[in-house]
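The values are calculated or read from the model by the stated rules, or taken from the named source; none is laboratory data. Just so it is clear, the model here is predicted, and its values are computed rather than measured. Note that we place each Cβ from the backbone using ideal geometry, even for glycine, and neighbour counts take in every protein chain shown.
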Amino acid sequence: MTNIKDLAKMAGVSVTTVSRVLNNHPYVSEEKKNAVLEAIKVSNYFKNINAVHLSKGKTQLMGVVLPFSDHPYFAQLLKGIAKQALENNYKLVLIQTDYMERRELEALQMLKQKQIDSLIICSRTCDLSTIEEHLQFGSIVLCENIKGKKASSTFVNQYKVFFDALEYLYHKGHKKIGYCIGRKSGANSHNRELAYREFHEKYSLPYHPEYIIDKCLYFEDGDKVINQINKLDKPPSALLVTSDQVAAGIVICCQKQHISIPDEMAIIGFDNEPIAKMMNITTIEIPLLEMGKNLFLQAVNGDITNKELSVKLIERGTV
């Protein structure tokens, strides 16, 4: 394989001159530049990008760990990251985990081996201690509240968001409230469950674990939710649904089964996706694009910061 010394010999110039031509340095005579370019053409030379990265100490590659690439929540988050990556001349390496720990560990190994400069983990399954062990190899940014830890994060206060939404439904007359989530494990899910339990304690309401329905990620899961609720002797009169897609599926299923919304079933979705606006669904707007932008900047800057973003309740016709 032709190297930079071979090019210098073929062109009859110094290695420094070849380096200047390869890096578009302005102070090279036209004659020498043409000689180097001819040598590159004849030898079919390609710059060793790995060697360039090694010399610079950077790859300009950022890893993004996400469980699903087709879920609207993560798609919007990724959109915010990708916009900043484009503006800052970075390329993204997407690692889809499907919440498999070994795939998350592979992403951390990429950081350790300097294949990427930094890592954004949109939703984790690894222990926080495992992630902290890899901080010595590069910047890692998370989407959860980890104040007091050594990693950066951009997050929404899931406990407060959930508690406020539950109180909103309570003051609308609902005392039997359930909720739908993607998974029961994970830091955000634990905070939501804590808010749910403490809400029931505050208002002396009976706690119904059967009102918590997990594995709700996509539009078609709306049928599963209603079918599960229909089996209960005392079904909830309201639902918090952590995805507008699932909330839309629930609305359609209720319409098919002649369940009146909001009279018989009130619904609050999450994220304020276009489908929520189209279907007049009350929802909680989470600024996912802004979150993605901040995640990228934290990963690039490398400083340890924790930024909490505010949310907004969008009142529509399902409550």
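Numbers below:
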item	result
ASP233 charged (D, E, K, R), at pLDDT below 95, under 20 Å from CYS180 (Cβ atoms) and exposed (fewer than 15 other Cβ atoms within 10 Å of the Cβ)	yes
Any hit, segment 200-208, residues being out of contact with any strand residue (DSSP E or B) (no Cβ under 6 Å at 6 or more places or on another chain), of a type in the set (A, V, I, L, M), modelled with pLDDT under 95 and in a loop (DSSP other than H, G, I, E, B)	no
Extreme residue, surrounded by the fewest Cβ atoms within 10 Å (Cβ to Cβ), among residues of segment 147-160 that are in a loop (DSSP other than H, G, I, E, B) and on the phi < 0 side of the Ramachandran plot	LYS147
Filter result (touching a strand residue (DSSP E or B) at 6+ places or on another chain (Cβ under 8 Å), in a loop (DSSP other than H, G, I, E, B) and closer than 15 Å to SER237 by Cβ) within segment 161-189	LYS172, HIS174, LYS176
Enumeration of residues in segment 1-24 that are within 10 Å of VAL36 (Cβ to Cβ) and of a type in the set (Ser, Thr, Tyr)	THR17, SER19
Top-ranked residue in segment 219-230 [being more than 25 Å from TYR170 (Cβ to Cβ) and surrounded by 16 or more Cβ atoms within 10 Å (Cβ to Cβ); ranked as nearest to the chain's Cα centre (by Cα)]	PHE219
